[in-house]
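Structure, as structure tokens:
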Amino acid sequence: MKWGINTRVTDIQRDKDMLGLWRDTGLVHVSSGTEAAAQRKLDLFNKETKVEQNKEAIRLLREADIFTEAQFIVGLENETGETLEETYRFARDWNPDLANRTMCTPWPFTPLFQELRDQVEMFDFGKYNFVIPIMKPAAMDRATLLDRVMHNYRRFDMIKALFHYPWRGRGFRRKYLLGCPKAFAKAGFARTFYDLGKVGYRGPQSKDKVDFRFDDSRRIAEAQMADREGMLDVPPAAMVPEREPASLHRATAETLAPHRATAAAHEGGRLTGGCILAHRVPAAAQRLLRALPAALAGLLLLSAIRRHAWTFAGSGHVTIRWRPMELVITANPLATPGCPWHRAVLETLFRRLVHPRITVGHESCCAEGAETCRFVIFSR
């Protein structure tokens, strides 16, 4: 099995002696958040890293034969042509296999949004895809920012496609690298890179014709902001209306790129499972389940989940089956394609209380036209 992760530079340095073990278990791709030039001048992202550390982390991964992807946040309010060029030089000097530039996108109700709220002008969430510039730097317009970012993509990727990917690595790594220029070609010629053709961008010659078609009428009501800000400061003491988490799940699935939406939902599910263990399942019950044989513990946990199904199924109707062990939600109000949030909640509970190698499969989904979301629990 081959797998990849998103992680922090500090995590790579902390576990540098284990990178070989990571590779032996099938890890082939690591994406790490590094600092762009404009980002270094602001104290907003809590990266806690230095330029030298970013370069060292990429070197460690490369020596462990792991594909490296550096993530740069661009498009902040202090972005200039000079900072974009400096970020490009960072990428060339650090020499990751792939350099990804993410437009700064302060999602409402996040700490970053609270810091930059006065500078966020657009609330057309359908354009919040980390490629379209949401913020406008003081030194350039959005079309120029997009063009300069794409220029840096073209320069970096062209060098990699001609002088790096065809000549580096062996075996699986070489095959993986050679897939990169194919992906670049598809994105460039088929215009599948978030379909920038829809906003009129087809290269530097079209910069002056770009029209992002933002829906300027979309706004966040001040009363709604006050309610949400209060919820961030003081978590709700009672259950919130089902429509709020349902709306959040749908917005995440519809506005983020598929892999980012899945990752966000999965992390939310993992945290939800941890919260349930910390506050909903008595310590004595947890000790008992861990002491029982896995098959019996699984049945008891599944029964308890059915009795408290409102925790993650809302108004949906929950049924369970024993052989194979299944949980079925009819008319699931929180369904999104693949239901990564539900799977993560269930996997967290079963791995912590029943067996660490439990996996939750997803056999059908209300978000994909089925009548039920069916989750199958099994041990690998």
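To the nearest 0.05, how large is the calculated FRET efficiency for residue 17 and residue 159 if R₀ is 25 Å and r is the Cβ-Cβ distance?
So, using R0 = 25 Å, E works out to roughly 0.20.
By how many degrees, 0 to 90 and rounded to 10, does the Cα axis of helix 222-233 deviate from the longest principal axis of the chain?
So the inclination is approximately 70 degrees.
Give the relative contact order (percent, whole number) for region 68-208; include only Cα pairs under 8 Å separated by 6+ residues.
Across region 68-208, relative contact order equals 23 percent.
If you place +1 on the Cβ of every Lys and Arg, -1 on the Cβ of every Asp and Glu, and leave all else neutral, what size is the dipole of region 68-209 about its Cα centre, to the nearest 20 Debye?
For this selection, approximately 1080 debye.
Here are a few candidate values for mean projected area of the Cα convex hull in nm²: [x] 20.1; [y] 27.7; [z] 21.3. Which one was actually calculated from the structure I just gave you?
Answer label, from the structure shown: [z].
If we sort 2-10, 98-106 on the protection proxy, mean other Cβ atoms within 10 Å, highest first, what's the order?
Most protected by this proxy first, the peptides run 98-106, 2-10.
Could you work out how far the C-alpha centroid of region 282-329 sits from that of region 70-107, in angstrom?
Here the answer is 46 Å between Cα centres.
Name the residue farthest towards the positive end of the dipole of region 240-291 from the options 261, 247, 277, assuming +1 on Cβ of Lys and Arg, -1 on Cβ of Asp and Glu, about the Cα centre.
After comparing all options, I get 277.
With charges set only on the Cβ (+1 for Lys and Arg, -1 for Asp and Glu), what does the dipole of region 258-380 come to about its Cα centre, in debye to the nearest 20?
My answer is approximately 500 debye.
Could you tell me which residue out of 102, 329, 129 lies farthest along the dipole of the chain toward its positive end? Charges go on the beta carbon: Lys and Arg +1, Asp and Glu -1, centred on the Cα centre.
329
Just to confirm the number: angle between the C-alpha axis of helix 243-255 and the first principal axis of the chain, 0 to 90 degrees, nearest 10?
So the helix axis and the longest Cα principal axis differ by about 40 degrees.
For region 316-380, report the convex hull volume of the alpha-carbon atoms normalised per residue, in Å³, without decimals.
Numbers: hull volume 5.0 nm³, N = 65.
Dividing the Cα hull volume of region 316-380 by its residue count gives 77 Å³.
Round to the nearest 10 and give me the degree value, 0 to 90, for the angle of helix 340-353's Cα axis relative to the longest principal axis of the chain.
The helix 340-353 is inclined about 50 degrees to the chain.
Report the calculated FRET efficiency for residue 378 and residue 168 (r = Cβ-Cβ distance, R0 = 30 Å), to the nearest 0.05.
The value I calculate is 0.15.
So between residue 317 and residue 303, what do we pick up on full extension, going 0.36 nm a residue minus the alpha carbon distance?
Numbers: separation 14, 0.36 × 14 = 5.04 nm, distance 1.40 nm.
So the extension gain works out to 3.6 nm.
State to the nearest 20 debye the size of the charge dipole of the chain about its Cα centre, where the only charges are +1 on K and R beta carbons and -1 on D and E beta carbons.
In debye, rounded to 20, the chain gives about 1660.
For residue 138 and residue 279, calculate 0.36 nm times their separation in residues minus their Cα-Cα distance, and state this gained length in nm to one decimal.
Details: separation 141, 0.36 × 141 = 50.76 nm, distance 4.65 nm.
Taking 0.36 nm per residue and subtracting the Cα distance, the gain is 46.1 nm.
Calculate, in nm to one decimal, what residue 364 and residue 331 gain on full extension: separation in residues at 0.36 nm each, minus their alpha carbon distance.
Result for the pair: 10.7 nm of gain on full extension.
Note down the net charge around residue 167, summing +1 for each Lys or Arg and -1 for each Asp or Glu among other residues with Cβ under 13 Å from its Cβ.
Details: positive: 160, 168, 170, 173, 174; negative: 97.
Net charge around residue 167: +4.
Taking a probe of 1.4 angstrom, what is the accessible area of residue 262 in Å², to the nearest 10?
70 Å²
The values are calculated or read from the model by the stated rules, or taken from the named source; none is laboratory data. Note that this is a predicted model, so its numbers are computed, not measured. So basically every Cβ, Gly included, is an ideal-geometry build from the backbone, and we count neighbours across all protein chains shown. Heads up: the accessible areas ignore ligands, DNA and RNA and are worked out on the full protein's heavy atoms, side chains in. Shrake-Rupley method; radii C 1.70, N 1.55, O 1.52, S 1.80 Å.
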